[in-house]
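The values are calculated or read from the model by the stated rules, or taken from the named source; none is laboratory data. The structure presented is a predicted model; accordingly, all values stated were derived computationally and were not measured. Don't worry about glycine lacking a Cβ; one is built from the backbone with ideal geometry, like all the others, and counts go over all protein chains shown. Heads up: the accessible areas ignore ligands, DNA and RNA and are worked out on the full protein's heavy atoms, side chains in. Shrake-Rupley method; radii C 1.70, N 1.55, O 1.52, S 1.80 Å.
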Amino acid sequence: MCRLLAYLGSPISLERLLYTPEHSLIVQSYQPQEMISGVVNADGFGIGWYHAQKDTEPFIYKHILPIWNDQNLPHLSRYVESGRILGYVRSATTGQALDFSNSQPFQYQRLLFTHNGRIENFRQTLYRPIRNQLSNEIYQSIKGSTDSEHIFALVLNQLQSHPGKSVEQALHVTLLHLLELAAEYESDVSANIILSDGDRLIACRFSSKSPAPSLYWLENDSNFPESVIIASEPIFNGNWTTCPENSIISVGEDRVIQVEHI
């Protein structure tokens with residue numbers, strides 16, 4: 001299972017978040033500690049961030065190489081600074097192609113999306129039912145074949161169909177719908193998700209059966225003051241809080257954590 005990381009706070013270099021911590025995302029790619037399945041995250045990676053001053057769509061750098069083999073990322077990470085960062089290292093589900101179209105983060109306009117988990121037997125169970133429910137625009141936006149991108153498509157479809165809904169509300173409805181579909185098609189779903197619209201982080205820890213994949217948050221640590229970090233595994237020793245199972249966590253510019261049980 002993949003490893004996720006997100007940061008919201010004062011602008012910092014990517015290097016401080018990706019490389020400096022003793023159990024950084026780089027280390028988690030080859031030596032994770034809390035993965036339910038899989039051993040390493042060697043099937044690519046992706047980093048998404050928002051400009052620190054300009055109101056633009058987010059930037060993405062991703063590759064199908066293991067993150068430890070990318071020679072450009074260390075240089076890029078020393079240069080780029082942002083206060084809104086999402087990171088991801090991939091452990092691909094068997095049968096899913098290792099190509100850029102399947103690499104996260106996924107983007108739609110200002111939204112960035114990362115997912116850790118899986119829909120069991122996705123191609124044989126929920127692939128067709130999910131696609132049948134999408135608007136043509138959202139259907140056409142899907143470039144790859146992963147369950148992750150299809151879950152994102154369901155969230156986008158909710159936002160498009162109900163313009164007044166918040167991202168949290170769209171995510172909540174999507175997770176409940178996935179639970180119904182999984183029961184109908186005798187599948188299981190686990191979905192640890194982190195979304196950002198450039199102003200907030202919205203995350204969930206969710207699974208149709210316990211235990212859900214691990215997810216934590218950390219507020220205002222001395223190493224990263226006035227910030228919130230959300231991660232699959234703690235990236236350094238600190239006062240990390242375990243996200244409750246089957247819950248949605250959101251944090252805005254005021255860096256106040258809100259938890260909603262699903």
Index of the failed condition, residue 46 passing every other in (1) farther than 24 Å from residue 255 by Cβ; (2) open to solvent by 30 Å² or more (accessible area, probe 1.4 Å); (3) not in a loop (DSSP other than H, G, I, E, B): (2)
Selection from region 6-37 of residues open to solvent by 20 Å² or more (accessible area, probe 1.4 Å) and in contact with a Gly (Cβ under 7 Å, 6 or more places away or on another chain) yields 10, 11
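Which ranges mark the strands (runs of 3 or more DSSP E) fully within region 193-257 that have 3 or more residues being under 29 Å from residue 109 (Cβ atoms) and either open to solvent by 20 Å² or more (accessible area, probe 1.4 Å) or free of Cβ contacts under 8 Å to residues at least 60 places away in the same chain (or both)?
Details: elements: 201-205, 216-221, 224-231, 247-251.
Hits in region 193-257: 201-205, 216-221.
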If residue 187 satisfies all but one of (1) open to solvent by less than 50 Å² (accessible area, probe 1.4 Å); (2) of a type outside the set (Asp, Glu); (3) closer than 14 Å to residue 155 by Cβ; (4) in contact with a helix residue (DSSP H, G or I) (Cβ under 8 Å, 6 or more places away or on another chain), what's the number of the condition it fails? (3)
Region 58-110 - residue that is surrounded by 15 or more Cβ atoms within 10 Å (Cβ to Cβ) and among the charged types (D, E, K, R) and, of those, nearest to residue 232 (Cα to Cα): 90
Do any residues in region 162-175 that are farther than 17 Å from residue 114 by Cα have Cβ atoms under 7 Å from those of residues that are surrounded by 20 or more Cβ atoms within 10 Å (Cβ to Cβ) and among the hydroxyl-bearing types (Ser, Thr, Tyr), where the two are at least six apart or on different chains, and which pairs are they? none
Do we find that residue 40 is crowded, with 20+ Cβ neighbours inside 10 Å, among the β-branched types (Val, Ile, Thr) and within 19 Å of the chain's Cα centre (by Cα) in this structure? no
